[in-house]
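Here the structure comes first, spelled out in structure tokens, and everything after it is commentary.
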Amino acid sequence: MKGTSTRPHTVLAVSVSTALVLLTAGCSQDVHTGAAATAPAVSAAAPGQVSVRTSGADLTITDAVAHLDRSGDGTLSMTVRNDDGVPEHLGMVATPDSGRGVLVGGKAANGNGSLATAGILLLSGTSVTFGGHGPRVLLHHVHGMTAEHTLPLALQFGVAGLVHFQARVASS
């Protein structure tokens, strides 16, 4: 076929499958990365916040809130700070019961917060706010909210790998 490659699709399919298996298995670790060389340093101070530090990534996620209606539809808002020396991409958001968020790029066609085949671009040394006029994560029929009104999430990043944490839940 002219100009097509199955490798990016295969990598994405394997990443998504791995994320969903780990999420549905109820894994108790906060972060998983594809690289076995270095164990990440992870800290989750409170629901809606997590920091990931490895030899290849330095990410901080703050103010993560799943805004859901009664049917489980809504959006995920959060701010992601990339303090590593390389660009990062958010490629997938998984929710309990094999759910998956839909990534929507920001208003800019290129640059920070834009959607590319690798996911939402997070330039080094910047913060990207999801929601409002920035990129968005749409949630559909989400189930699995905890008694503490949090939602377990798994975010797949290109460099940092798979990050597990709890977002706060707000009714919309």
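Quick notes on this structure:
- Failed condition for residue 107, given (1) surrounded by fewer than 17 Cβ atoms within 10 Å (Cβ to Cβ); (2) closer than 23 Å to residue 47 by Cβ: (2)
- Matching strands (runs of 3 or more DSSP E) fully within the stretch 113-172 where at least 3 residues are touching a His at 6+ places or on another chain (Cβ under 9 Å) and free of Cβ contacts under 8 Å to residues at least 40 places away in the same chain: 119-122
- Residue list for the stretch 139-172, filter: out of contact with any Gly (no Cβ under 6 Å at 6 or more places or on another chain) and aliphatic (A, V, I, L, M): 145, 147, 151, 153, 154, 155, 160, 162, 163, 169, 170
- The residue that is surrounded by the most Cβ atoms within 10 Å (Cβ to Cβ), among those in the stretch 65-75 that are of a type in the set (Gly, Ala, Ser) and assigned to a strand (DSSP E or B), is 66.
Conditions (1) modelled with pLDDT of 60 or more; (2) farther than 18 Å from residue 140 by Cβ; (3) surrounded by fewer than 19 Cβ atoms within 10 Å (Cβ to Cβ); (4) in contact with a helix residue (DSSP H, G or I) (Cβ under 9 Å, 6 or more places away or on another chain), marked per residue:
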position: 7; (1), (2), (3), (4): no, yes, yes, no
position: 30; (1), (2), (3), (4): no, yes, yes, no
position: 39; (1), (2), (3), (4): no, yes, yes, no
position: 57; (1), (2), (3), (4): yes, yes, no, no
position: 63; (1), (2), (3), (4): yes, yes, yes, no
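- In the stretch 122-148, the residues that are within 18 Å of residue 77 (Cβ to Cβ) and aliphatic (A, V, I, L, M): 122, 128, 137, 138, 139, 142, 145
- For residue 67: the one exception among (1) over 16 Å from the mean Cα position of the chain (by Cα); (2) more than 18 Å from residue 156 (Cβ to Cβ); (3) at pLDDT 65 or above; (4) not acidic (Asp, Glu): (1)
The values are calculated or read from the model by the stated rules, or taken from the named source; none is laboratory data. Since the structure is predicted, the reported quantities are computational estimates derived from the model, not experimental observations. Please note: Cβ atoms are built from the backbone with ideal geometry, for glycine as well, and neighbour counts cover all protein chains shown.
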